[in-house]
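*Asks:* Sharing a structure, written as structure tokens. Questions coming.
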Amino acid sequence: MSKLLLRIGAGIVALAVAAVAAAWLTLRASLPVLDGHATTRAIGERLTIERDAEGAVTVSGATRADVAFGLGYAHGQDRFFQMDLLRRAAAGELSALFGSATLEADRELRLHRFRSMARAALANGAPEQRALLEVYAAGVNAGLGSLRARPFEYLLLRSAPEPWRAEDSVLAVLAMFLQLQEPDGHTKLQNGLIREALPASAARFVLAAAPAWEAALDGSQSEAPVVPSAAEYDLAHVGSLDFEPPPRHSRSRPASGSNNWAVAGARTASGAALVANDMHLGLRVPNTWYHARLRVTGDAAADVTGVTLPGTPAVVTGSNTHVAWAFTNSYGDYEDLIRVVPDPADPARYLSAAGARPFTHSHEKILVNGANPVELDVVGTEWGPVVARDEQGRAFALEWTAHDPAAVNLELVALERVTTVREALAVAARAGIPAQNFVCGDRDGHIGWTIAGQVPTRRGGDASVPRASDDPAVGFDGWLAPASHPTLVDLAGGQIATANARVVGGGALAAIGDGGYDRGARARQILAGLRARGDKQTPADALAVQLDDRSLFLARWHELLLELLDATATANQPRRLQLRAALPSWTGHAAIDDAAYRLVRAFRAEVERRVFFALIAPARVKNPSFRFSVPASFEGPLWTLIEGRPAHLLPPGYADWKSFLLAAADAAVAGLDANCPKLLDCTWGRANRTRIRHPLSGAVPGLGSLLDLPPEMLPGDEDMPRVQGPAFGASERFAVSPGHEADGYFEMPGGQSGHPLSPYYRAGHEHWAHGAPPAPFLPGPATHTLVLTP
């Protein structure tokens, strides 16, 4: 019997080993072939795909079409599953892969009908752009087909990848609209609720800017917040309301991201402009971007290096040896929210300025893996789909740049051949991408800024809040002509920088609009940092500014907290005494070993929450289910109150502002880690530990150790150039002078490959995480070469 059990046990072990071995061999079979020769009918001449020691790709071919095929081939080899998620997220088709777990997400995403929109954009686009997308798609499918086994994610999901289509590249661009702009009109709904519920002067105050932190490039400044009088708004007399902030799981303000700048040639060591970029996005593996150099060697020669978005054939940001360019998200106003007025005589119709019109109905079928399809009725209007309803049941329709096929194109490819700043600005204004701050510089030292992407024009009125559908001024009235895009060239100071804050004022601001700008602390610190670097700047100076983690923004909050915690406040208060004792350790940086930074940050956040939610209490009563978020600009009104401490805007329940602020400090400390009994142990690094994960790392126990990047304590935070959070931060960093690409650098989290067994899965991550030494901007010598021939 014992021998039989031993034999059974040995058999089970053997089967387990065989299963593991089979899984391992299958996993290895999905690694791409990086060397050798292959043939294809899709190209005209010999094409090479080279990879350097860190996996950066150089694609060389005789024509731009051949190079597009080669880039698609590399993307298909290394990043197909990431591309698949991108197109499915935009189209609302995740459930066909993941089942009912993503059904609610698909319901929300399908409202935009982006699959249909992508097909229309492709059909109506320029023939040469459509042809480029078709050959790129052929390259993707050829690269995917070259794998000896399907990508490992499909093995886990027990499904097969579907071929890439040209329309999917349009969906990849639309997925970036979803990441960078608001698909639900939340900000305008919130503005409207606040304006409806509060007296006009109080609403203006709550929604005011933070002029003390602004750094507009034209020198313009917003009006200072004006405190409403006690006669206009007194929190003690607005009724018996809940002035306490909601639980912390309520919707928080999304982290804003991206820095870019250009320094004129007169202030650089090379004499060419120096352009730097670090676009801030959610962090995951594989990373959003793919480092590539594209070399067209035929009659229309070109040489461009930078980041590509897997799913598209263009270099998004980078340098073409004549001009370098960089993006940050604009946060202008690129959508309208329309309150749909129902026709009282017919519920199937709504009222517009032209009279009653019928609602449209688009029937969408959501495929669900492992379950029956789900039918969805998308209700539409002349402006766009109904995306929200308020507490009264009123419907709101969204008119959004992303809903118009004319707003998406492949014009970005034309940047590969521009030779001057003026040419680059003209191309950017024609580009069909989410509206971006476009900063560029050329090898002659000129620098410039404009808005890239399509900018809507309006008939008039105030579009910052929802407007009624029967208002004659509601909605878009076409697109701003490319020649009319606001533009700045060769500013007197020799530098241009943007960081999601307001860039211009006056008529230029009126054209762009305000969709919720960053308060400006980052932009202000970057501009000051560039001035301090002098007139012989190199890429090393750019990296120093990108990694600047000084907390200029919180310095005054540190001083405020020190002032509050006097002898009276700390008497018989052991925790406050601990807090007071920790504050002198303040380094002025978001450093991983700095407890004072974390404590001051928590204190400011608690004060902000309590003041904001108290001020908007009537709006919260008006719509209890709405998830309000604190706007970045609220620092302006907030500090105005801290300085003036008006009694009529003190949240009820406190004797004075000092007692309110001390209560906020107590709550901030109480909200810190339970394993931080000593506040000096509550360092910033313990909170700011990276969580860079693969989308499927939680699917199988133990898989995370193979797929996820190891957590690290990293310096940096939101209101400084080095933006860094656990799962948000610089998705890439580079600095380059056109014509001097060999002197530039490039970094990104994670590596080039999406395959965990590839040596390129994590390659280069250390450069990004620790900032030095930086990796070169240009790919290095080839360690692998794949040759494709017709």
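The values are calculated or read from the model by the stated rules, or taken from the named source; none is laboratory data. These numbers were taken from a predicted model, which means no experiment stands behind them. Positions of Cβ are generated from backbone atoms using ideal geometry, with glycine treated the same way; all protein chains shown enter the neighbour counts. Heads up: the accessible areas ignore ligands, DNA and RNA and are worked out on the full protein's heavy atoms, side chains in. Shrake-Rupley method; radii C 1.70, N 1.55, O 1.52, S 1.80 Å.
*Asks:* Return the residues of region 135-164 that are open to solvent by 40 Å² or more (accessible area, probe 1.4 Å), among the charged types (D, E, K, R) and touching a Leu at 6+ places or on another chain (Cβ under 9 Å); say none if nothing qualifies.
*Replies:* R148, R150, listed by residue number.
*Asks:* In region 706-733, which residues are hydrophobic (A, V, I, L, M, F, W, C), open to solvent by less than 20 Å² (accessible area, probe 1.4 Å) and in contact with a helix residue (DSSP H, G or I) (Cβ under 8 Å, 6 or more places away or on another chain)? Let's see the steps before the verdict.
*Replies:* In the first step, residues of region 706-733 are kept if they are hydrophobic (A, V, I, L, M, F, W, C); the result is 706-707, 709, 713-714, 720, 723, 727-728, 730.
Retained after the next criterion (residues that are open to solvent by less than 20 Å² (accessible area, probe 1.4 Å)): 707, 709, 714, 720, 723, 730.
Within region 706-733, L709, L714, M720, V723, A730 meet the criteria.
*Asks:* Within region 759-768, restricting attention to residues that are out of contact with any Gly (no Cβ under 7 Å at 6 or more places or on another chain) and surrounded by 19 or more Cβ atoms within 10 Å (Cβ to Cβ), which residue is nearest to W289 (Cα to Cα)?
*Replies:* W768
*Asks:* Checking the condition more than 13 Å from L788 (Cα to Cα), at pLDDT 55 or above, among the basic types (K, R) and open to solvent by 20 Å² or more (accessible area, probe 1.4 Å), which residue from R7, R64 passes?
*Replies:* Unique residue meeting the criteria: R64.
*Asks:* Right, next: Restricting attention to region 296-351, which residues are open to solvent by 10 Å² or more (accessible area, probe 1.4 Å), farther than 30 Å from G460 by Cα, of a type in the set (G, A, S) and touching a strand residue (DSSP E or B) at 6+ places or on another chain (Cβ under 7 Å)?
*Replies:* A302
*Asks:* For region 687-705, which residues satisfy the criterion of being assigned to a loop (DSSP other than H, G, I, E, B) and open to solvent by 40 Å² or more (accessible area, probe 1.4 Å)?
*Replies:* Matches in region 687-705: R691, P695, G698, A699, V700, P701, G702.
*Asks:* Scan V621, V611 and give me the residue that is among the hydrophobic types (A, V, I, L, M, F, W, C) and either modelled with pLDDT under 95 or not in a helix (DSSP H, G or I) (or both).
*Replies:* V621
*Asks:* Take the residues of region 245-268 that are surrounded by fewer than 18 Cβ atoms within 10 Å (Cβ to Cβ) and modelled with pLDDT of 85 or more: which is farthest from A197 (Cα to Cα)?
*Replies:* Across region 245-268, the extreme among qualifying residues is A266.
*Asks:* Sticking with this structure for a sec: Restricting to region 437-449, count the residues that are buried (at least 24 other Cβ atoms within 10 Å of the Cβ) and either among the polar types (S, T, N, Q) or outside any strand (DSSP E or B) (or both).
*Replies:* So the count comes out to 1.
*Asks:* Oh, and also: Check whether at least one residue in region 589-600 is open to solvent by 10 Å² or more (accessible area, probe 1.4 Å), without any contact (Cβ under 8 Å) to a residue 60 or more places away in the chain and not acidic (D, E), and report yes or no.
*Replies:* There is no residue in region 589-600 that is open to solvent by 10 Å² or more (accessible area, probe 1.4 Å), without any contact (Cβ under 8 Å) to a residue 60 or more places away in the chain and not acidic (D, E).
*Asks:* Do you know which of the residues in region 82-116 that are under 21 Å from the mean Cα position of the chain (by Cα) and more than 25 Å from E335 (Cβ to Cβ) is surrounded by the most Cβ atoms within 10 Å (Cβ to Cβ)?
*Replies:* Checking each candidate, the answer is M83.
*Asks:* Taking region 652-674 as the search range and keeping residues that are touching a Cys at 6+ places or on another chain (Cβ under 9 Å) and part of a loop (DSSP other than H, G, I, E, B), which one is surrounded by the fewest Cβ atoms within 10 Å (Cβ to Cβ)? Give the derivation first.
*Replies:* We begin by selecting, within region 652-674, every residue touching a Cys at 6+ places or on another chain (Cβ under 9 Å); these are 669, 672-673.
Of the ones still in play, those that are also part of a loop (DSSP other than H, G, I, E, B) are 672-673.
On the way: L672: 17, D673: 11.
Only one residue fits best here, namely D673.
*Asks:* Additional query: Does V669 meet the test of being of a type outside the set (S, T, Y) and more than 27 Å from R284 (Cβ to Cβ)?
*Replies:* Yes, satisfied.
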